[in-house]
Every structure is written in C-alpha cells, then in structure tokens.
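Contents: one structure, followed by commentary.
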Amino acid sequence: MIKKNHYLILVFLLASFSSFGQLQSPDEFLPHKLGEQFTPHYMLVDYMQHVADNSPNVRLVQYGLTNEKRPLLLLYISTPENLAQLDAIRENNLRRTGMLPGNPDPALDRALVWISCSVHGNEASGSESSMPTAYALANPQNEQTQEWLKNTIVILDPSINPDGYSRYTHFYRRYAHSIANPDPASAEHSEPWPGGRVNHYLFDLNRDWAWQTQVESQARLKKYHEWMPHIHVDLHEQGYNSPYYFAPAARPYHEYITDWQVDFQKEIGQNHAKHFDRNGWLYFTRQVFDLLYPSYGDTWPTFNGAIGMTYEQAGGGRAGRAVLLENGDTLTLMDRIMHHHTSSLSTVEVSSVNAARLIDNFGTYYQNNINNPQGEYKTYIIKGTNAPDKLKAFCKLLDKNQIQYGKINSSRTLSAYNYQNGQIERVPVEANDLVISAYQSKAVLTQALMDPNTFVEDSLTYDITSWVIPYAYGLEAYASKERVTVNKGYNFPAYQGPAALNNRTYAYLAPWEALQDAQFLAALLKEGIQVRYATEAFKHSNTDYKAGTLVITRGDNRPMGDRFHETVNRLAAEFEQSITPVNTGLVQEGSDFGSRDMQLIETPKVAVISDEGTSSNSYGQVWYYFEQDVSYPFDAIAAENLGSVDLSAYNVLIMPEGFYRLNNGTLSKISSWVSGGGRLIAVGSSVSKLQDKEGFALTRYASEAAKNEAKRREDQEALDSRLNSYADARRTGVSNYNPGSIVQLDLDETHPLAFGLYEPYFSLKTNSLVFEPLKNAWNVGTVGKEPIITGFMGYQLKQEVKQSVTFAVEDKGRGAVIYLVDNPLFRSFWENGKMLFSNALFFAGQ
C-alpha cells in the first residue's frame, strides 16, 4: 500500500491547481491525474498547446524537430503587456551583451529565466513538472505569479529530449502494472537497453551544449542565442535514494566563473531552502555537481553570463511511479513533480525580486568581456596553412557558439604559446591566419574552450577536465597574451568545382587530410568505384602528394565505362572535394599508380556490436559516425548473438565500449575470422576484452620484470596508505584516476592508421587503461617520456602512461586487429579522432 503524501503546499502552489475559465489544470486536461501515470510526449505537447490557446500569458513556439520528428517547444510566459513587446525586450537584452549594436533601454529591462526540463529523457519528473509550472504561471488568477511576471519573462522548454523521454515513458506505460509496484526489484524499475536517458543517436545531450553535434542542441542553442537569459535552470534526476540537490554547486568551479555568479547561486539556494524547509523535504547543496566541464546545461550558460544551475531530484529511470527508499519511505512520482515544481517557481520568484541586480550584473559581465577579458591569453592564432577543410570544420564550431574570428590588417610577430610543443615562441601572424580576439562578447566561452590548460582546483570532478579545441581539430595553433585588432570575418576561397569532363583522364587524385575526404571516399565506395590510397608520398606533375592521397584510376574501373568519370566528378561537386585529374600513371618521384604501394581499398562490409551490454553512448557514437559523419552502411549485431552470427558476410567488426562478455568460443571465432582476412576494431575500454587472450597480442605488461615492478609499486602504495585518514579516503584513491585528460602522442606517420594526422597527435583519454607497446605489432600512437598532459590525471597514472601505447595495429594472418585504447569518437567532438577512426575503417590492416 502506497501512502498518500500530505504537503504543506505554498499559497502559490495551491492556486496553481484551481481552474479558471477555459484554461484547465493538468489534472483536468489529462486522462490521468498528475503522478498517477507518466504523460506521453504527445499529451505533454497537447497540454502546452492548450495552455497557450487559453491564456493571455503564454506564447508557444516550435523551434525544431528531433531525429524522430517530435516537436521541440518553448513557452514564453509573462504578462500580456510584456508579450506584446517580446521582440523589443529580447533585442534590448542582446544590446546589453554587445551582440546587437546600440544602448539598452531601461524601460525594456526584464529578468529572463529559462527552465529546461528532462534533458535526460528517463529523468521524467522534469517534463512532468513543466505542466503544473506552466499552469501556475499562465493562470491570471494566481496573484503571486502574476506579480512576478510583471518584470520577468519565463522561457520554458518542457522536454529537451523528446525521443529519450518517449522511449522511457512508452516502456513504462507498456510494461508497468496498473497498480504501481514500489519494489525496485520489479521489472517496471528496469528499463531495457539503451534506456531513455539518451537521444535518438544515444548521445547524452547534457554533454553537448558546446559541441552541438545533435539536432536538439543545434536548434535549442540558436534560440538561446536569440535571448541570452540571465538565469538557466536544468531539471534532472539522480539516484532515487538521494535527497533533492540545488545550488550552490560543488567545487571545482572553472576559474572564469565570476564572484557574482557564485554568490547569486547561494541566494537562489537560500530561497529554495525556505520552501523545502517549510515542507520538511530533504535536500543538499555544494556536493557532487561541479561547474568545470563547459558543455553542461549549467556551465555553458554560465560561460555565457547566466546563473547556470542544475537541480537534481531523486528518481531516474529506476524510480517508476513509486519506489521504496532505504529509509523505509516511498518516493512517488507526485513527490518528484512537486519538488521540481517548487524549485522552478522559487527560481522565478527570486529572479523577479532581484531583477534589477540580475540585469545590472549581467550587463557588467559583458562589459568586462568586451573591454577586459579575465584570462591571461588575449589572442588565439590558427595558422592559415592548416588543411582548409579542418579550418572550415573549426569555424563551424565557432559559428555555432557565436564566437567571433577574423584576420589582422598586416603581418606581425607575437610572443605566443605553441600548442604543439608547449613552448613560448616568437610567432609570425600572417594575413591568411585565422585570429580570435578575447575582446568580444563571448570572451569567457572563447577562453574556456581555447585555453591550452584548464586550472582544476579540485580533482574530485565527474567529467572530463580538458577539451582544448585546437587539439580536438588537429590544428597548428598559438595562444598569445598580447592583444591584436581583428577584422571580423574569414572567407574561404569559393569552390571552383571539378575541371571539365575528359574521358581520357587516367586518374583522379584527392587529398586525405580531413573528415570531408572520408565522406567523399565513402560515397565513391557506395557507388562501386574502386579506389587506391598511396602508402608513401609521391610527386606527380611537379606537385607533391602525401601518403594517404586517394588515387582513383580509370583502369581499376573499366566496367563502368564513361560513367566512371561522370560519377567521380558528380560526387566531387556534391562534397566540394578538390580532385586533380592526371593523364598518366607515371610519377616523377615515388611509386607509379600500378605499384603495390598504391593500395587498393577493400570496400568495408561493417558489423558493429550493439544492444544489451554495450555502452549506449559508445555504440551511439559509432552509429552517428556512420550515419551522419560519413553516411556509410553497417549492420548492428546484438552482443548476445555474436557467437551465432556468420562473420564471413563482413570484413570489419567494430567493438564499442561496454560490459558485454566475449567467451572463449566467441573470441576463438573472431580470431579465426581475423586471420582469414577480417579487421577487428576495438574502441576504448573494449580493448580489455582482448587483453591476455589467446590469439591477441594485447597485454598489460610486456615483460615479467615490468609486471613485478608494478606489483612492487602497488604493495608500497598499500603500505604508505596505512595511516591515511578516513576523511581523505576519496582523495587518496585518485592516484590512478583519470576523469578525462589530453595526452600528447608520438605518431608513426608512415603507418596508414596515422595518415592525414601528423605528429604530434593529441588524444582525449577518458579511461585509466595503460598498455606497454605490443610485441609483433605496429605501435602507431605512443606516449613519450615527457608528454604534454592537460587536465587532471592522478599522479601514479601520469607516470605509468609514459611510454605506453594508445593506438596499435596487430597484423594477423590476412587480417588485423586495430586497438584504439582511447575512444577517438568520444562525444563526436574530437574531429581529429574521426580522421583516425576513418583510417582504421578504410586503410589500416588492409
């Protein structure tokens, strides 16, 4: 029997549930009472449309569609007078940021509060709570909320992740008993893989704010930039035994977060505490949820001048409609809704009361950005000699974040930090270099993303601690403490298109230096065109070509006839690919086009391990790479079916990260398949499934002496820790911890796995795996004796990682095993990692 909770509801909460006129409360509109059942997304949409249709306080807009074509909605909620001049208020705020010219008009000043619900779809109480929150604010009879709205505009996103929310709510409504079962062992508390946390492509949208790889993020951030709110709240859920969490946040804070932002978080938390205390609800602050990684729903808004906050309600996918807690109480869905509803309205309340201070400090934030950016680096130089397509991809990221960039008037020399070697050098800044000045509205976000090092004040953080964008894009770049004047805009030469068709063309040459080149190759292979790649550099027609250059010959494609030329040129135009037609296969230096050094690419027939046991994020990253990055087909094979699948239909098998098990029989089958010509690509932590297994070269220690030394260190550490205090237990356990850091690698540029990358390569390391260089294998990417490491890495791991291997290729019979110890597709923002993965897919081990 589930006991009904009795709340000491605030006046404004009571008022929110009484109906007036045609406007209905959620309980009146829905076929179920709030908390009795999860609300499907289409009903959530219908209710928000109802509120907009029946309240003068609400304007509803659709700002995008998900991959599964569900609508993304925003509700603008304020007084009718404010809604009548909504665009003027919005533009007035943008003038305060410097993102629109002109001076702000104080008569148009309003506090702007943005509330985002359920970015993790199975943390459903956020979206459920959006309905009573919308009703409370939309109801003209609610005197308290109407008073707040006189100087405040609330922007409410009822479901950031409709696809994930729908996956979870459909599961629950389909399989749960009609009477809620609070026993966590019951099936209704165990949602199946991949769960509703993630979006269609199984991405965590709460890690995508800066990178904007996903359609939901891209659409939302376009709207966000039109408003630049003063407050942003992200409604989440956590483990169901945890009390409610609200600001102030835990340390570490990023060093660029201002004192005002820190202090006002505390004021908001104090207001929440007042309401939670009145109702006797448990809560905590200043623990777990930090403000470091710049791509969260709290940090990205914070780096854009807002008071960005995460609110965490107990619940998540395992909570269902009711769940038994460790203290013997029962947490209901209605409890969870009320907690988020209360904190949401409390946020509006404290923002309204402090509207003038919010607006004033928001303006000061942007004045400081434009006139006196706080970081030590004032200018970032990206050399114009970088591969054009890499520069274009980098500019797209800047554009998504509305970071300004351009060129300088005339060449000059600056003292600057060289990202590639970590040294301070005199650097010529030339007319075609891309230059970013920190003196702009987006100063803090620019410096947070571009700085070569991130100060981490506390090692106890739960996400990656380094994300340096020039490393992610593989760019030659420099950071200077000197200020230069930058003229906005950076124009790339217009694409000229392929030369006129000539059916006598012997071959076409295409570069291999950016992801766009992999997209072009994938398109050629899908059209049935045979392609070679150069295993060594060569010279043709007085032009030097690098290893990895694509060589597309008429002779390899004779069955296509003249359609060969039409197809190559059509695809080149489609992908704006630079191709060079040549009339002879004879080169001036290097190997001729018919040489074995011009390796014919075997068209990949790809299988990817998926389903239960695999990491949904890791599988999603592979899925996204194939469908969105290179548009290339693959088959998904459930991990549990791998032993029975006929692998002879495939020549590439990809192992994402996860907890699936490969028994000895399956491993033997895979080993034989590799020897017969298959290529196995093990991504990230999945390499551990091959460690010390028969038929695979991967081993933790290359010698018995190394193994004994590691055991000695472990024993000594255990002795040294005998008198450690209990209070320091978490900190003393981080010596081998790596939440996510960047490690410089030495690269064997002669191996196909490294083509188009160039030394040194900077790898985003998100695990603590360390392997000594493999025997009888190509150790392509290795850590040197004194590598550059940015971000936090435990002191013991930092020593162990030196002279280890990160990327390796083991030739095995007619096939190969490709070990990618660091996941190059992590969150899909490591652009250089996508190039590495393309090498693994199309080149390595052939």
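The values are calculated or read from the model by the stated rules, or taken from the named source; none is laboratory data. This is a predicted model, so every value here is computed, not measured. Using ideal geometry, Cβ is built from the backbone for each residue, glycine included, and neighbour counts are taken over all protein chains shown. These area figures cover heavy atoms from the full protein model, side chains too; ligands, DNA and RNA do not enter into them. Shrake-Rupley method; radii C 1.70, N 1.55, O 1.52, S 1.80 Å.
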Wholly within the range 1-69, helices (runs of 4 or more DSSP H) carrying at least 3 residues that are at pLDDT below 95 and either open to solvent by 20 Å² or more (accessible area, probe 1.4 Å) or farther than 19 Å from SER127 by Cα (or both):
11-16
Quick one: in the range 100-144, of everything that is in a helix (DSSP H, G or I) and out of contact with any strand residue (DSSP E or B) (no Cβ under 9 Å at 6 or more places or on another chain), which residue is nearest to TRP227 (Cα to Cα)?
LEU108
PRO656 being closer than 30 Å to VAL198 by Cα, without any contact (Cβ under 8 Å) to a residue 60 or more places away in the chain and open to solvent by less than 10 Å² (accessible area, probe 1.4 Å)
yes
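Anything in the range 767-825 that is of a type in the set (Phe, Trp, Tyr) and open to solvent by 10 Å² or more (accessible area, probe 1.4 Å)? List them, or say none. Let's see the steps before the verdict.
Residues of the range 767-825 of a type in the set (Phe, Trp, Tyr): 771, 778, 792, 795, 807, 819.
If the condition is that a residue be of a type in the set (Phe, Trp, Tyr) and open to solvent by 10 Å² or more (accessible area, probe 1.4 Å), then TRP778, PHE792, TYR795 are the ones that fit.
Being open to solvent by 20 Å² or more (accessible area, probe 1.4 Å) and at pLDDT below 95 narrows it down to one residue among HIS177, HIS170; which is it? Don't jump to the end; show me each part of the working.
Working: HIS170 fails: at pLDDT below 95.
Just one listed residue meets the conditions, HIS177.
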Close pairs (6 angstrom Cβ cut-off, 6 or more residues apart or separate chains): assigned to a loop (DSSP other than H, G, I, E, B) in the range 73-88, surrounded by fewer than 19 Cβ atoms within 10 Å (Cβ to Cβ) and not hydrophobic (A, V, I, L, M, F, W, C) anywhere
THR79/LYS150
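Among the residues of the range 496-526, which ones are part of a helix (DSSP H, G or I) and more than 19 Å from VAL582 (Cβ to Cβ)? Working first, answer last.
Just the residues of the range 496-526 that are part of a helix (DSSP H, G or I), to begin with: 515-526.
Passing the criteria: LEU515, GLN516, ALA518, GLN519, ALA522, ALA523, LEU525, LYS526.
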So which residues in the range 627-651 are within 28 Å of TRP512 (Cβ to Cβ), open to solvent by less than 20 Å² (accessible area, probe 1.4 Å) and either free of Cβ contacts under 8 Å to residues at least 12 places away in the same chain or in contact with a strand residue (DSSP E or B) (Cβ under 7 Å, 6 or more places away or on another chain) (or both), if there are any at all?
ASN651
Could you tell me which residue of the range 281-340 is nearest to the chain's Cα centre (by Cα), considering only residues that are of a type in the set (S, T, N, Q) and over 30 Å from TYR172 (Cβ atoms)?
THR299
Would you confirm whether any residue within the range 793-810 is among the basic types (Lys, Arg), part of a helix (DSSP H, G or I) and free of Cβ contacts under 8 Å to residues at least 60 places away in the same chain?
yes
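How do the strands (runs of 3 or more DSSP E) wholly within the range 252-350 filter down when requiring 2 or more residues that are among the β-branched types (Val, Ile, Thr) and closer than 28 Å to SER178 by Cα: which remain?
Numbers: elements: 307-314, 322-324, 330-332.
Result: 330-332.
Based on this model, can you work out whether GLN238 counts as at pLDDT 95 or above, over 19 Å from the mean Cα position of the chain (by Cα) and of a type in the set (S, T, N, Q)? Don't jump to the end; show me each part of the working.
On the way: at pLDDT 95 or above: yes; over 19 Å from the mean Cα position of the chain (by Cα): yes; of a type in the set (S, T, N, Q): yes.
For GLN238, the condition - at pLDDT 95 or above, over 19 Å from the mean Cα position of the chain (by Cα) and of a type in the set (S, T, N, Q) - is met.
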I need the full set of residues from the range 321-334 which are open to solvent by less than 10 Å² (accessible area, probe 1.4 Å) and either in contact with a Cys (Cβ under 7 Å, 6 or more places away or on another chain) or within 16 Å of GLN238 (Cβ to Cβ) (or both), in order please.
VAL323, LEU333
Could you list all residues from the range 318-372 that are at positive phi and touching a residue at least 40 places away in the same chain (Cβ under 8 Å)?
GLY320
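Would the range 84-98 turn up any residue that is more than 35 Å from the chain's Cα centre (by Cα), small (Gly, Ala, Ser) and exposed (fewer than 14 other Cβ atoms within 10 Å of the Cβ)? Break it down into steps so the answer makes sense when it comes.
As a first pass, look at the range 84-98 and keep what is more than 35 Å from the chain's Cα centre (by Cα): 84-85.
Keeping just the survivors that are small (Gly, Ala, Ser) gives 84.
Next, from what is left, pick out any that are exposed (fewer than 14 other Cβ atoms within 10 Å of the Cβ): 84.
Yes, because at least one residue in the range 84-98 is more than 35 Å from the chain's Cα centre (by Cα), small (Gly, Ala, Ser) and exposed (fewer than 14 other Cβ atoms within 10 Å of the Cβ).
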Tell me whether the range 608-617 contains one or more residues that are aliphatic (A, V, I, L, M), touching a residue at least 40 places away in the same chain (Cβ under 8 Å) and within 25 Å of THR750 (Cβ to Cβ).
no
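For (1) in a loop (DSSP other than H, G, I, E, B); (2) of a type outside the set (Lys, Arg); (3) within 28 Å of GLN519 (Cα to Cα), each residue gets a yes or a no:
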position	(1), (2), (3)
GLN744	no, yes, yes
THR750	yes, yes, yes
VAL770	yes, yes, no
GLU786	yes, yes, no
ASN823	yes, yes, yes
LYS834	no, no, yes
ASN839	no, yes, yes
Looking for something touching a residue at least 40 places away in the same chain (Cβ under 8 Å), of a type in the set (Gly, Ala, Ser) and open to solvent by 70 Å² or more (accessible area, probe 1.4 Å) - is there at least one such residue anywhere in the range 537-555?
yes
Matching residues in the range 496-511 - criterion: being touching a Ser or Thr at 6+ places or on another chain (Cβ under 6 Å) and either surrounded by 16 or more Cβ atoms within 10 Å (Cβ to Cβ) or small (Gly, Ala, Ser) (or both):
ALA507, LEU509
Within the bounds of the range 313-320, is there any residue that is among the polar types (S, T, N, Q) and buried (at least 20 other Cβ atoms within 10 Å of the Cβ)?
yes
For residues that are assigned to a helix (DSSP H, G or I) and either modelled with pLDDT under 95 or open to solvent by 10 Å² or more (accessible area, probe 1.4 Å) (or both), tally how many sit in the range 599-626.
6
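Scan ASP204, ASP234, ASP183 and give me the residue that is of a type in the set (Asp, Glu), open to solvent by less than 10 Å² (accessible area, probe 1.4 Å) and in contact (Cβ under 8 Å) with a residue 12 or more places away in the chain. Can you show your working first?
On the way: ASP204 fails: open to solvent by less than 10 Å² (accessible area, probe 1.4 Å); ASP183 fails: open to solvent by less than 10 Å² (accessible area, probe 1.4 Å).
Exactly one residue qualifies, and that residue is ASP234.
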